[in-house]
Amino acid sequence: ICKSVITAPNDALEAMLEDLAILGELGYFWWNGWYQNLGQGPEYTSCAYFWQQYYMWIKLANDILYIAGEIDGNTDDQTRDIVGQAHAYRASYYLDLARMYEPKPNEILMPGSDIIGLTVPIVTENTTEEIAKRNPRARREEMYQFILSDLEKAEKYLNKDKNAYSSPTLNAVYGLYARAYLELGA
């Protein structure tokens, strides 16, 4: 049974990432910040929300990639662009998940050495249900190699002349490259 203490995704993210600053009008619920900090653990929805939501989005990107198949010289431009968008979205989702769920060393509460450097499981369009049942958390290096590989494919397949606000373009891909390399410290 999951208990819900945090209702808005932004509140959950702020509480989960320890960047919690309670500002503005709290209304009658003055203890909201305390409850947000209390509501972090396996029986609460604040941390599970992102896991469940992002993996649902990743599945949508994987379904597109599975249906599209391999891109070759005979693939039409529209399909290439859609596949590029799917790779960009998937890279973005994994970048967010890796940053949220990778335990980082800190001065207050040092994570156990057995989980340092672990991110989240990688699920691709070729991951079967049997593989998914035994799919461990990916090491940091493996995750960022996967993210950069998706970004390379997105860069290769996206329509170079397209400017859009509702779907990924090359500018978004370059921004994701910057975020990934910033996270890697490269």
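The values are calculated or read from the model by the stated rules, or taken from the named source; none is laboratory data. Keep in mind that what you see is a predicted model, and the values were worked out from it rather than measured. Backbone-built Cβ (ideal geometry, glycine too); neighbour counts: all protein chains shown. For accessibility, only protein heavy atoms count, side chains too; no ligands or nucleic acids. Shrake-Rupley method; radii C 1.70, N 1.55, O 1.52, S 1.80 Å.
In this structure, is residue 155 at pLDDT 95 or above, out of contact with any helix residue (DSSP H, G or I) (no Cβ under 8 Å at 6 or more places or on another chain) and under 22 Å from residue 180 (Cβ atoms)? Judged against the criteria, residue 155 is not a match.
Filter the stretch 135-152 down to the residues that are assigned to a helix (DSSP H, G or I) and under 20 Å from residue 102 (Cα atoms) and list them by number.
Kept after step one, since they are assigned to a helix (DSSP H, G or I), are these residues of the stretch 135-152: 140-152.
Scanning the stretch 135-152 gives 140, 141, 142, 143, 144, 145, 146, 147, 148, 149, 150.
Counting only residues that are in a helix (DSSP H, G or I) and farther than 15 Å from residue 89 by Cβ, the stretch 153-173 holds 1 of them. The listed residues are 82, 147, and the only one of them that is of a type in the set (Val, Ile, Thr) and under 14 Å from the mean Cα position of the chain (by Cα) turns out to be 147. Selection within the stretch 116-134: residues that are outside any helix (DSSP H, G or I) and farther than 20 Å from residue 86 by Cβ. The member of this set that is most open to solvent (accessible area, probe 1.4 Å) is 134. Would you confirm whether or not the stretch 57-65 contains a residue that is of a type in the set (A, V, I, L, M) and farther than 19 Å from residue 148 by Cβ? Checking the stretch 57-65: at least one residue is of a type in the set (A, V, I, L, M) and farther than 19 Å from residue 148 by Cβ. Taken residue by residue, the stretch 106-115 has no member that is among the hydroxyl-bearing types (Ser, Thr, Tyr), at negative phi and within 15 Å of the chain's Cα centre (by Cα).
Looking only at the stretch 142-173, filter to residues that are free of Cβ contacts under 8 Å to residues at least 12 places away in the same chain and open to solvent by 90 Å² or more (accessible area, probe 1.4 Å); which one of those is farthest from residue 71 (Cα to Cα)?
165
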